[in-house]
Structure formats: structure tokens, C-alpha cells
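What follows is calculated from the coordinates using simple rules that are stated; it is not laboratory data. What you see is a predicted model, and the numbers here were worked out from it, not measured in a lab. In this analysis, Cβ positions are derived from the backbone assuming ideal geometry, glycine residues included, and neighbour counts consider all displayed protein chains.
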Amino acid sequence: MATDLNESMVTAGSAREPRAEWRQADAQELPFEDGGFDLVLCQFGVMFFPDRPAAYAEVRRVMAPQGSFLFNSWGPVASHGFAAAFQAALEESMPGSAPPFLRNVPHGYTDPAAVAADLATAGLTLTATEEVTLTGTAESAASVANGLLTGTPVSAALQGREDAQAIQAAVTEGMTERLGTGSVTAPMTATVYLARRDV
């Protein structure tokens, strides 16, 4: 069983992996019966939950006794080469008004103690953590810049600005200066968490 909040992601996922049953679902209101899953996985999603304890309570509700919850969360911006290069270039291009989205949301849930506290509020116990750093690869710094400029809420901050195109060009140039030309690589750090349901 696989879910996503975004219906288009469900469509894309079902096309790529038809062996799974795909459903649109809100993590804070899962459309499943109590105790139906031995294992719940969440891939880079918890950072985006508006109310994490509420979402974790839903995870607990659908887990069988002694069930497990395995999930991950990005590390701080500084530990993610692409995000760090993007945020630095954005702040240079928009002094004093650069959107903090990357720093505050995808890379803003990085303290294992805070994660453990949120889990405990929902009746889950954090049993293991592991920090993992791998090397990310992209076809170019420009492709990363374009993805982050157009595929995140940063795009909303640029809409309507007369200098939007100039900012986009400056961010792309700044990222290329930091990461290089051609195919680019950068370290990407995340923490993997394992939690269990309290009896």
C-alpha cells in the first residue's frame, strides 16, 4: 500500500510501481482501519506534516501491536550540498528577503530529541537513529536551481516580481560557481529513524 497527499504523485507512482496499491491520503487522516499494518514507512515526508504529533498518532493507530515505523528526514541545509549552494545563491540574489523555505521546512526537522518528543506525544518510542551521508548527482547545477526555483514554494516568492528572471539567472550562476559545470555531485545527509508502538 502506497499513499501520497498529491493525486498527481499517486498517478505517477502507480505508473512506476504497479505492484503496489496506490491511494491519495492525508497522513493526518489515514483512510485505513486500526492495527492493519506491521510496518509503516515514510520517505522524506515528516518534515512537511503541519501537525507531526497528529500524523504520528495516525501512524500509531494503523499499526499492529509491536509494529514499526521507519522514516527519514533531511539534515540541516549545511549538510546538503545542493541545498546549501542554492540557499547561499538565493540569499545573495535577494538580500534580506530570500525565502527561508529550504532552511525551515525540508531541512528544519533535524533534532532527534525533538523527533523523539513528537513521537512520544503520539504513543511511539524512538528506538534507533542513523545519520547517513550519500553523494547526490545531477545533470547540472542549472537543473538543480531550476527544480528548486520552480518546484518549491520559493516560486511563489518570485511571482510578480519585476526582477524574477534576473534572480533566477543569478541563482543559477551562483550555484554553478559553487558546484561547477557539467554533471555535478554533492553530499546529502539525512537521518533515518526507527520507532515502535508503545503497548
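Placing a label point 7 Å from the Cα of Gln28 along the Cα-to-Cβ direction, the residues of segment 57-78 with a backbone N closer than 13 Å are 57-58. DSSP beta bridges confined to the chain are antiparallel in about 75 percent of cases. A Förster radius of 22 Å, combined with the Cβ-Cβ distance separating Thr133 from Glu17, puts the computed FRET efficiency at roughly 0.25.
Just want to confirm a number: the relative contact order over segment 97-199, from Cα pairs under 8 angstrom separated by 6+ residues, in percent. Computed value for segment 97-199: 46 percent relative contact order.
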